[in-house]
Every structure is written in structure tokens, then in C-alpha cells.
Amino acid sequence: MQSELVSGGVNAMSGLIPERVIAEVRERNDIVSVISEYVQLRRTGKNWQGLCPFHKEKTPSFNVNPEEQFYYCFGCGAGGNVINFLMAMENLSFREALERLAERAGIPIVTEGRGPEATKHQSEKDRMLQLHRAAQEFFHSQLFGRAGGLARQYLTARGIQGETARRFGLGYAPAEWRSLLTHIEQQGFSEAECLAAGLASEGRGSRCYDRFRGRLMFPVCDRRGQPIAFGGRVLDASQPKYLNSPETLIFTKGNNLYRLDLARRGFREKGFAILVEGYMDVISLYQMGWDNAVAALGTAVTENQARILHRYAKEVVIAFDGDAAGEAAAWRGLEILRQQGLRVRVAELPGGEDPDTFVRTYGDRAFEELLAKAPGLTEFKLGAIIRRADLSTVDGKVAATGRIIEVLAEIDSPVEQNEYLRWSAARLKISEDVLAAELDAYEAKAGIESSSRHRISTKSNNREDGKGRAGSRKAVEVRRRSGGGLRGLSDIEANLLRLLLHNRQLVERVKDVLSPRDFRHPVAQQAMECLLACCEAGRLESGAAVFDYVKDDSVQEFLAGLLTSRSSAPPPQACMQYVRRLQIMQLKDDLKFLENQIGQVEQKAVDGGLVSQLGNLLIRYRQVREEISRGFQS
């Protein structure tokens, strides 16, 4: 999880974030305030409570402790500090979450250990982001000013409300040659910077002019909602219909998805992502309540875009244009998405329709039904082959069968392969046995192990197209606590760590006599490592600080659970007694190990080396027994 952290809590990237900055960011972002932006909380005693955002529940079990600045869910075990919460909610890395919270609190992130080239590169990126923000504000003001009348009429004709246009930061680029450049120069930016950012073009005599003129403007934002590029649509019949920003220092088309920043929460709540082609598709769907749609920026889906989607969702429904070009694009995207481990379905739009025109023509309910019936990857492929084939001729049927065999051979599950074989045979109107024989021959030729021995030969109960298909998936994938990660954890280990967490001044007292190796369970060992690292850094002022040093989810949840159970913590005066009991438990383990070792040596043939080894083991055995005896007497 937080693999970017190393000992001392410093971010281990090219630029190191000092511990004091991490602590300041955490301290200046009140956890109740941050979590309230995502969860409706109500005060219950000293703490706050609400429905857990990480699993489905009807009775609140999600608790936020403002005193110690941590959260914990008694239902699923999720817990941590404010940084951990943002990481989990927004699927961010530690550094990304820290930067987001730093920006929220107005804290500059100053990194250490970064060379002059890296510092210059970051400075140029920051400057370009500022330039795009200034351009977006200009375009937006023009849309709602005198110059934007025609653009507003266009949006009204497309059914886009003013509130939606503001939510998406839409704008208008005036038809003049230098309106943006004039404004930007007044803001302190140069023509050279506008050229590098793709906001200006260079004409004859090296004269610069606005790249976007007389266009409705769509800002393309990064995951933090910062504008990094633009798309512009003409309002008349001129060409090109759409003009997009070139790739720049801050924008790579294949690495971004249109309005991912607005859709991430929708992914969680609805349980899947909708992938479309155009800006207007995303905007229209959002206005209809489908806030889980993103666009591929006019390209075939790239591996990077698929990886980004997989980071936030487990299932994707592709809703591309219903014409042949859209279907071809879906074919390419399906494979890339599937290879990244996503469950993929395809919403098959009527010919000539796209999601924007479909929801405006048929309404939200019809689109919901379309999603519910959306077939999966294999069914879509097979259906597309059959739709395109001329099954009235022998040649057409043979060609379709050949392509279907290729798809069936890709299926790993014998049961799934058999079901789709039946499904295909019924639509091709050929015998299942004939299709199975063709598949076996293809697999044998291709060197694929035949799964015909696994196939179900029953000819009844053919798979019905679209029947029994659930609509959208559950909104959130529940993380259930199986307890398997803490199996074998002793009460002594848990109680000692609970005692130290709630009386953190004791960590200083025991650090010279207690080692993580004294703990038997690996989770307890890592928890103690975090406490000692926090102590060494002088950051034991709050329980929340300990989470800055956590590298594993199970340790994070374990610590959060211990912090929550203050009432069951032993009294502080029992600390050294628990330390001694833990060490005695460890010595007993050593004693048992030595007994096994001695037994193994005694069974071997006697030689000088083994006699010496046995003598050493017996000496250590007596020492361990004496230590245990002294422990019981103390």
C-alpha cells in the first residue's frame, strides 16, 4: 500500500518530502472535516459516526476520532489517519494524497534531494498548469459573457443546462485572432509559453495567434481536476469539427480520461465505469445522473487508460457509437481492458446513435435498460461476428464459424467455453457436435490443449441471449475481515501494543528493552516497528502519526482497531510486566526449537563436530530455562 514510505516516514521518490511537512499536512487537515466531504457524520459522544464508505451497511459502524485524528470501521476493519482515508477513497498513492491535502491546507510541498534538472522540470510543469488554469478561467468567462451567446444557444439546443456547463468548466474561445493571447500576456505569461502549452500557433513571420478561435471549449483535467489541455468544437459547418490540444509537458492523450476527476465517486457508488467516446457523451450522461462516465479522448483505448480505469473500477461498460466504426473501436478497447483484468461489457447502441443522442431521445430509463442488457466480452464478439455474417450462404456460414472458433479457443474455462459453443451453434443453426469438432481441430492445430473432455454434452437448456443478466454491479466491493491476517496473534502481543498506543510515553521507556523481534506475529512485529519509528522521529503526539509509518493494509487496520479499543487497554503500570511476559513467551519458543534441534543431533552418528554442536545447544538450552525461571520469579 504505502510502499513509497521508508524508515522515518519520508516519501522515497526522486524528491523526498520531509517528515515535518508530512506531519504539518496531517495536522492542518482535520480528519472530521475531510471525511465529512465524503460521509455524512453525526456526533456520538466524543466521536463522530456514519455509514462506512468502504462497504455496504444500514447501521453506522464507521467511527471518526477527532482527538486522536483517526478513523475505524467496526464492520470491515478499515482504519487509518486522514492521509490513509484519502488514499482509500480516491485510490491515490501516498504522495498524491499528501499533495492533495497540502493544496487543501495551503501548504507548499518542498522536496529534498532533487537535482537542479528535476527542480527545473517541476517548475516548468507548475508554470504550465497555472497557464492552463488562467486560460480555462478566460474561456469560461467568455461563455457566460456577451461573446458567448452563440455557444450558449448551441448548449441549450443540445439540452445542456447552465449548471452542468459550469460544473464541467465549459468555455468559449472568441473568434478573434489574439483574444486569449492578449488576456494571457496581461496575466504575466509569454507567447513562448503559450506556444509550448499548445494554446497558440505560429504563423508567417513568427507571428503568434490563438490556436482556438470561435469554438466551444471543453477543458481536459487531470485526476485532481486541474485543466491540462482543451478540446474545441466549432459552432458552424467549418472543419475540423473538433480541435484538440497537442501533447505537452503536462498532457499525454493516451494517459488521461476525460473528467475522471468527476467520475471516480460515481465508480464507487454505482460499482462500474462507463467508457464513451466524446465530451458531450460524458456531459449528457452526467446531467442524467450517470456520474460514472469517462471518455477516451477520441482515441482507441490505450493500455495506460485501461490501467487507470482498473485502479478505480473492476468493471467497465463500453458505450461507443452504434455504427461500424464505433463497433471496431469497441473491439480494440475490449481486448486492452480485458488484458488489464477488468470485467468488460458492451452497451450496444442502435445504429447512428451515441450515448448523448440516445439519452436525449429515449431517456434515462432506456439507457439504464441498455446497460442492464449489455453483454460481456465474449458474447459481444460472437454476436458481432454473427450480425456481420451472411448466414444464408455456405461461404458466409463457414467464414463466420471460423471466426467464432477463434473466439471460443480464447476462453479458459471449459464450462464457459461449452456454454458459448451452444449459444453460437444455435445462432449459426449448425450442430453442436460439428462446432465442437471444428474447435477441437483448431485447438489441436494451434497446440492448445483440447477441453472437449470437459464439455457438457446435454443438448437441452441452450443459453438464452441476455436472460438472467444482472444490471449494474454492487456499488462497492465489500472488504470483509476474515481475521486470517491476525490468526495466531496472542493476547499478550495485542494487549501490549494496545497499552503502548494509548500511553505513547511508554514507548520511550521500553524502546531499549523491547524489540520487534520479541513479538511472535508478523503483523505485531510491523506494528512495533511503526511505533519505534514514530518515537525516533519524535512524532508520538497523536495516534494518527503512527499511520505515517505503516506499509501494509493489515497493519493499518490492526493499529486502528487497537486505537479504537481504549477501554480494554491494560493499566500503564502493567507495561513492564507485559514486556516480560512477551519475552518469556518468546524464550519458550526458543526452548522448544532448541529441544527439537538437540533431538535431531542425538539421532545422528557421533563425530567430533556433532558432539561440539550438541554441547553448545545444551548450554544455550540451560541458559534459556534459567531466563524463563528468572522471568517467572520477577
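The values are calculated or read from the model by the stated rules, or taken from the named source; none is laboratory data. No experiment lies behind these values; they were computed from the predicted model shown. In this analysis, Cβ positions are derived from the backbone assuming ideal geometry, glycine residues included, and neighbour counts consider all displayed protein chains. For accessibility, only protein heavy atoms count, side chains too; no ligands or nucleic acids. Shrake-Rupley method; radii C 1.70, N 1.55, O 1.52, S 1.80 Å.
A few points about this structure:
- Across region 124-162, the number of residues qualifying as open to solvent by 70 Å² or more (accessible area, probe 1.4 Å) and under 23 Å from Asp222 (Cβ atoms) comes to 5.
- Of the residues making up region 550-561, those that are part of a helix (DSSP H, G or I) and either among the hydrophobic types (A, V, I, L, M, F, W, C) or within 18 Å of Asn29 (Cα to Cα) (or both) are Val555, Phe558, Leu559, Ala560.
- Applying the set (1) open to solvent by 50 Å² or more (accessible area, probe 1.4 Å); (2) in contact with a strand residue (DSSP E or B) (Cβ under 9 Å, 6 or more places away or on another chain); (3) within 15 Å of Phe230 (Cα to Cα) to Phe168 leaves exactly one unmet item: (1).
- If the condition is being surrounded by fewer than 20 Cβ atoms within 10 Å (Cβ to Cβ) and either touching a helix residue (DSSP H, G or I) at 6+ places or on another chain (Cβ under 6 Å) or in a strand (DSSP E or B) (or both), then region 342-358 contributes only Arg343.
- Subset of region 502-516 [of a type outside the set (A, V, I, L, M) and in contact (Cβ under 8 Å) with a residue 40 or more places away in the chain]: His502, Asn503, Arg509
- Output for region 328-351, where each listed residue is at pLDDT below 80 and more than 13 Å from Pro375 (Cβ to Cβ): Ala328, Ala329, Trp331, Arg332, Gly333, Gly351
- Any hit, region 122-135, residues being over 16 Å from Pro18 (Cα atoms) and not in a helix (DSSP H, G or I): no
- Residue in region 68-77 that is part of a loop (DSSP other than H, G, I, E, B), under 23 Å from Pro18 (Cβ atoms), open to solvent by 30 Å² or more (accessible area, probe 1.4 Å) and in contact with a Lys or Arg (Cβ under 9 Å, 6 or more places away or on another chain) present: yes
- The conditions of being modelled with pLDDT of 80 or more, of a type in the set (A, V, I, L, M, F, W, C) and in a loop (DSSP other than H, G, I, E, B) are met by Leu391.
- Selection count where residues are modelled with pLDDT under 80, open to solvent by 50 Å² or more (accessible area, probe 1.4 Å) and part of a helix (DSSP H, G or I), scope region 562-604: 13
- Selection status of Lys58, under 23 Å from Val546 (Cβ atoms), over 21 Å from the mean Cα position of the chain (by Cα) and open to solvent by 10 Å² or more (accessible area, probe 1.4 Å): no
- Residue list for region 183-215, filter: farther than 19 Å from Tyr242 by Cα and part of a strand (DSSP E or B): Glu202, Cys208
- Among the residues of region 493-511, those that are open to solvent by 30 Å² or more (accessible area, probe 1.4 Å) and assigned to a helix (DSSP H, G or I) comprise Asn495, Arg498, Gln505, Glu508, Arg509.
- Residue match in region 169-180 (condition: in contact (Cβ under 8 Å) with a residue 40 or more places away in the chain, assigned to a loop (DSSP other than H, G, I, E, B) and within 19 Å of Phe251 (Cα to Cα)): yes
- Among (1) small (Gly, Ala, Ser); (2) under 23 Å from Lys125 (Cα atoms); (3) without any contact (Cβ under 8 Å) to a residue 60 or more places away in the chain - the single one Ala273 does not satisfy: (2)
- Residue list for region 92-108, filter: open to solvent by less than 50 Å² (accessible area, probe 1.4 Å) and either among the hydrophobic types (A, V, I, L, M, F, W, C) or outside any helix (DSSP H, G or I) (or both): Leu92, Ser93, Phe94, Ala97, Leu98, Leu101, Ala102, Ala105, Ile107
- Ile411 open to solvent by less than 60 Å² (accessible area, probe 1.4 Å) and outside any helix (DSSP H, G or I): yes
- Pairing each residue of region 535-551 that is in contact (Cβ under 8 Å) with a residue 24 or more places away in the chain and over 17 Å from Tyr72 (Cα atoms) with any residue that is open to solvent by less than 40 Å² (accessible area, probe 1.4 Å) and not in a helix (DSSP H, G or I), provided the two are 6+ apart or on different chains, yields C-beta distances under 7 Å for Ala537/Gly8; Ala537/Gly9; Leu540/Arg504; Tyr549/Leu5; Tyr549/Gly9; Lys551/Gln2; Lys551/Leu5.
- Figure legend. Inter-residue proximity from region 41-70: first residues touching a residue at least 40 places away in the same chain (Cβ under 8 Å) and within 23 Å of Leu501 (Cβ to Cβ), second residues buried (at least 17 other Cβ atoms within 10 Å of the Cβ) and charged (D, E, K, R), beta-carbon distance below 8 Å, spacing 6+ or different chains. Indicated pairs: Phe54/Arg479; Gln69/Arg26.
- Look at region 389-404: where a residue is within 17 Å of Ala426 (Cβ to Cβ) and a partner is buried (at least 16 other Cβ atoms within 10 Å of the Cβ) and among the acidic types (Asp, Glu), sitting 6+ places away or on another chain with Cβ atoms under 7 Å, you get Thr401/Glu438.
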